Amino acid sequence: MKRFRFNQQEIVFAVFALLFLVFSIFLNGFLTAENMLTLLQNVAVLGILGLAMAIVVIGRGIDISLIAALAVPPGLALQMVQNGHSLPFSLLIAVLLTIAFGLVNGWLIAYAEVPSLFATLATGLLLAGLGQAALFQLDVVQWSPGMDGFERLGQGTVLGVPTSIWMFAIACIVVAFLLRQTRWGAYIYAIGDNPYAARVTGIPSRPIIVLQYVITALIGCFAGLVLAASVNSMPTRIFNSTLIYDVILVVVLGGIGLSGGRGGVLNVIIGTLLIGTMLNGMTIMDISYAGQNLIKGVVLLLAVITDSFLNPRNEETAQQGDI
Amino acid sequence: MRDTLTSLRYRYWPDHLLGEILSKRWTETAIPVILLLIVGFAFSRSIDNFLSPASLADTARQAGEIGFIALGLALVVTVGGIDLSVGSIFALTDFCALYLLDVAGWPVPAVVVATLFCGALLGAVNGVLVGYLRLRAFITTLITLIIYRSAYDLLIQRYSNAIASAFPDIPSWDFIGAGSVFGIPTVALAYIVIAIFGHIFMTRLRPGWHITAIGGSRRSAYNSGIPVRRTIALCYVASGVLTSVGALFFASRLGTVGGDIGVGLEVIVLTATVLGGITLGGGKGSVAKSAVGVLIVLLITNGLTTMNARGGVNRMALAGILLVAAMVDIRWQKNRTRIISKVYVAPTYHELPPPPPTEIGQGGPFEQNDKLRIVEAIGLGRIEAPEDVILDRHDNLYAGSRHGDIMRFLAPDYQKMEVFAHIGGQPLGMAFDREDNLYVCIGGMGLYRIKPDGTVEKATDETNRSMRSVNDDSRLRLADDLDITDDGLIFFSEATVRYEMDEWPIDGLEARGNGRIISYDTKTGATRTELRGLKFPNGICVASDGQSILFAETFGCSIKRYWFAGPRKGAVEVVMDNLPGYPDNINLASDGNYWLALVGMRSPSLDLAWKMPGFRRRMAKRVPVDEWLFPNINTGCVVKFNEQGKIVESFWDLHGENHPMITSMREHRGYLYLGGILNNRIGRYKLDNADPNFVQYDKRWGKQS
């Protein structure tokens, strides 16, 4: 007789379906076309960030500095346009800054061997501090006429679906292609599964790790541009928010184990839907920001505990200092 | 001329100190301390009143509060975890204290106890999750950070007005916050007391050692029976309590529950911890490091604030320092042993004249022969590494083995072998005392005594520490050979104080006088260093006059005499020098002369290299250790010399088939028994014209039948 065993992905999907059903029945204004649009729009940026995080988590890392990559380079682009530079030039500078930032992260983690949690915690602070100290004049970088046309990245609809959803879909396809169809993607899984084995097999672990963080930062920057386009400004104080925990929540709940080597784009989509529904429901229920955080925190904690049971840490390859 | 200069340079310049200082654990604390001094000096020059008493007292109050939190984090990091929730615990316990005092109106002692309990509880949540459920510390405490913070936000939404409008006027509460004793703020005083306790706890008490052990290697700690999970959980509890102590002082000083209290505190404390040199990942941490780190971070942030830097700059500075400190720490931890091993070997100048000839046909006392060819082997393939051999009056043969045993071969045919005593370290030189106790030098352990019934007792394993040595030379590293005087004084040699037993050839490469001769008084149990600065002192034998000992300096290629009594007490005299080989053990012969084993013969290459310290240093730095020049110990011989240092006879084995190497020999009832530290056998050689009743220690103690 076949034993009933659900994997985490299925459980989370079931929970999402249940939650969606309960909210639809009991929450007024949840299952409306307008709310669904808001939900999906909110979810889009989170989903893109989840994809970015998924890449490093699959490679047995984590990127706490993702929100800095989301806020600072797009903010810089907006600021430069505001100061009279052309849009393409500003975007180019923003992308270069993002790549440089990703390289720094990757170098610290792959070559200087600083634990990824720790390195990105510090570099995130560094980049946010840089933005605060040197790049922006105000905490919220405003839209300027030079940006006209760019807002279509986050606003409006194509074939009746909001653009930001399309952006999420594009990001999903790109990341799925990278992870599943390219050699580099396979390397990322190999490194995440067992870094030492990957290294002795001849995989260029260190360059691949650097690549992971560069791609992650670029996707983060992309998410930032979508966010800025959808709200017509770049609220750089977003760095102080708990958005990064939402992103980790998406990844862990979706079933990408923090011990690396597992999961894919589908997990991110499922996680995103669940978190999006949860956040949206809590907003409709008018739970305060702190209250939402509390609930999110508890859910995240439960997710991490479950994760540690479903994907136990590999004691053989877990190294000392792997906190 | 050039040789003279080289010799002077190496005689007076202490090359060996660099490696010894670097291998001290306190050098890791020294670097942050130097950084602290630099930062303090820089700011005191660029900012007025930076070091004024008022400013210092203010810094001290902040340092005390943050210091408590840093102590907690130091504990958690040392045990191999991390606690990011300290900022939120700080905020929550701060709220707890003020709520209980202002709104609930509790008395101060109750508030203090309740706040500490609250901290313990919040820490216990982390402790259970990380310690017992074995979640990842970083991600778990990140989550509890959010949960605690949102709980705090919810609480202050409701109670901040009530707390802000209350003005408690309680002297004891004010004393906690603003009081001072002899000009030292209360909080600083409390910190000092707890820090001293913490230092004793971490370095002298069992739980502190457990914490370091778990951080060093969790699995080994578990295997050695340490309650890993409980200890880790308790570390988080302690972190919570210490954070609440800091919060108590903060609450009594400012009395506010603003929204941003404790936000980003974890980064500051973490920076302080890493900057102080507490290794992420655990196993290394001290109170001093934590305190130094806190001071550096506070000086920098306060200095930047005074200089009106923007918030972003402060943030960048902190993050930048954090990154650099973490990087340096990780690189240093990774390369420490390699760097030390590169600089530790410090060769010195050592000149020997050309050795006397040994070839057949060249004449001289060392002329080779093939006398030892007929040596018969005892225990072939059954014993390993018998460095020294000794026989009792019943003709039983005792020899050390590499496995840490004293083996006994039973007379008369020496076929039956048994373990006489198990010690655990490699037995080297041996001697019987008047009561038939066997005294043995154990490499790496010290001097041991084995009673006739086989019970093992430690005689001594430490001597007085010399003031000028950087390495702790009180511990015996390589006790080598010994002899006992008529008064029950044991003289034994310690070959080197700089290397462990398995590294003895490196000491030969260094050719510095690293060894010493130590005496142990069997009557009083006192151990005393008699002579220092000897080049690998090895064999020791009490001379026939009963007032002096003869000792061999292996890499000095000489035999010397040291008077321990009589008119020339304290004097050292050369008996033989420029031997053609490296002398090892010395023992008495039945005709009143002395036996000496040459463990290996000198080679022109090492003789030359000994005159070129720079060459040997480059070799030690660039060439892998198993390709270094190694003193030859494959071919050796036994010689007999008289009281005046004249060679009477020599015994060689040209092919080394029956008995390949010789580290010691013992004459017994007309036979010479040979030991060799790399051998798998004991040799026996029939002597001509020897006293057939000679039993060395029976003759010495007058028990000869």
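The table for this structure:
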item	result
Globularity index of region A:42-175, i.e. its alpha-carbon radius of gyration over 2.2 N^0.38 Å	1.13
Helix B:265-275 vs. chain B, principal-axis angle (Cα, 0 to 90°, nearest 10)	20
Distant-in-sequence amide H partners of B:Leu428 (H built 1.01 Å from N, under 5 Å)	B:Cys441, B:Ile442, B:Gly443
For region B:17-101, Kirkwood radius (reciprocal of mean inverse C-alpha pair distance, Å)	16.3
Cleavage-rule hits (trypsin sites (Lys or Arg not before Pro)) in region B:265-330: DSSP loop, at most 16 neighbouring Cβ within 10 angstrom	B:Arg310
In sequence order, calculated HN-Hα J values of region B:423-438 (Karplus, 6.51, -1.76, 1.60; Hz; x Gly/Pro)	10, x, x, 6, x, 10, x, 9, 7, 9, 9, 4, 8, 6, 6, 9
Sparsely packed chymotrypsin sites (Phe, Trp or Tyr not before Pro) within region B:122-212, loop by DSSP, other Cβ within 10 Å at most 15	B:Phe182
Other-chain or far-sequence residues with amide H under 5 Å of B:Glu530's (modelled H)	B:Ile517, B:Ile518, B:Ser519
Sites matching trypsin sites (Lys or Arg not before Pro) across region B:503-550 that sit in DSSP coil, with at most 10 neighbouring C-beta atoms within 10 Å	B:Lys523
Rounded, prolate or oblate (a/c below 1.5 giving rounded, otherwise prolate when a/b exceeds b/c) for region B:135-192 by Cα gyration tensor	oblate
For region B:609-623, 3J(HN,Hα) per residue [Karplus equation, 6.51 cos²θ - 1.76 cosθ + 1.60, θ = phi - 60°, Hz, x = Gly/Pro]	4, 5, 8, 10, x, x, 4, 5, 5, 4, 4, 5, 7, 9, 9
C-alpha center-to-center spacing [region B:270-329, region B:102-154] in angstrom	24
Lys pairs, region B:283-391 - Cα-Cα below 24 angstrom, 8 or more residues apart or on other chains	4
Neighbour net charge for B:Glu376 - beta-carbon separation under 10 angstrom, K R +1, D E -1	+3
Exposure proxy ranking, count of Cβ atoms within 10 Å, fewest first, for B:Asp545, B:Asp507	B:Asp545, B:Asp507
Entries in B:Lys611/B:Lys646; B:Lys535/B:Lys703; B:Lys535/B:Lys646 that, when Cα-Cα distance is taken, lie over 29 Å	B:Lys535/B:Lys703
Angle between chain B longest axis and helix B:26-46 axis [Cα atoms, degrees, rounded to 10]	40
With Cα atoms, 0 to 90° folded angle of helix B:2-12 axis to chain B main axis	50
nm² value of the averaged projected area, convex hull over the Cα atoms of the protein assembly as shown	56.2
Modelled FRET efficiency - R0 35 Å, B:Asp48 with B:Phe197, Cβ distances, 0.05 increments	0.40
Within region A:264-306: backbone nitrogen closer than 17 Å to the A:Asn28 label point (7 Å, Cα to C-beta)	A:281-287
Positive-end residue, the protein assembly as shown charge dipole about Cα centroid, Cβ charges, pick of B:Pro692, B:Thr115, B:Ala190	B:Thr115
Chain A, helix-only ellipticity at 222 nm - DSSP H runs n ≥ 4, -39,500 (n - 2.57), divided by all residues, nearest 500	-22500 deg cm²/dmol
Pair-distance profile P(r), taking every C-alpha pair of region B:529-684, with 5 angstrom steps and integer %	2, 9, 17, 20, 18, 14, 10, 7, 3, 1, 0
³J(HN,Hα), Karplus 6.51/-1.76/1.60, whole Hz, each residue of region A:218-223, x for Gly, Pro	5, 5, x, 4, 4, 4
D (Stokes-Einstein, µm²/s), Kirkwood Cα radius, region B:206-288, 0.692 mPa s at 37 °C	223
Translational D in µm²/s for region B:1-149 (Stokes-Einstein at 25 °C, 0.890 mPa s, Kirkwood Rh from C-alpha pairs)	123
Footprinting exposure proxy for B:Lys371, B:Lys699 (fewest neighbouring C-beta atoms within 10 Å first)	B:Lys699, B:Lys371
Equivalent-ellipsoid semi-axes of chain B, from the Cα gyration tensor, Å, largest first	67, 27, 21
Inverse mean reciprocal Cα-Cα distance (Kirkwood Rh) of region B:237-278, Å	11.6
Relative packing of A:246-253, B:70-77, which averages over residues the other C-beta atoms within 10 Å, highest first	B:70-77, A:246-253
Inter-site label distance for B:Asp433 and B:Thr306 at 7 Å from Cα along Cβ, in nm	6.5
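A short reminder: the numbers here are calculations on the coordinates, not readings from a lab. The shown structure was predicted, so the numbers you read here are calculated from the model rather than taken from an experiment. All Cβ positions, even for glycine, are placed from backbone atoms using ideal geometry, and neighbour counts span all protein chains on display.
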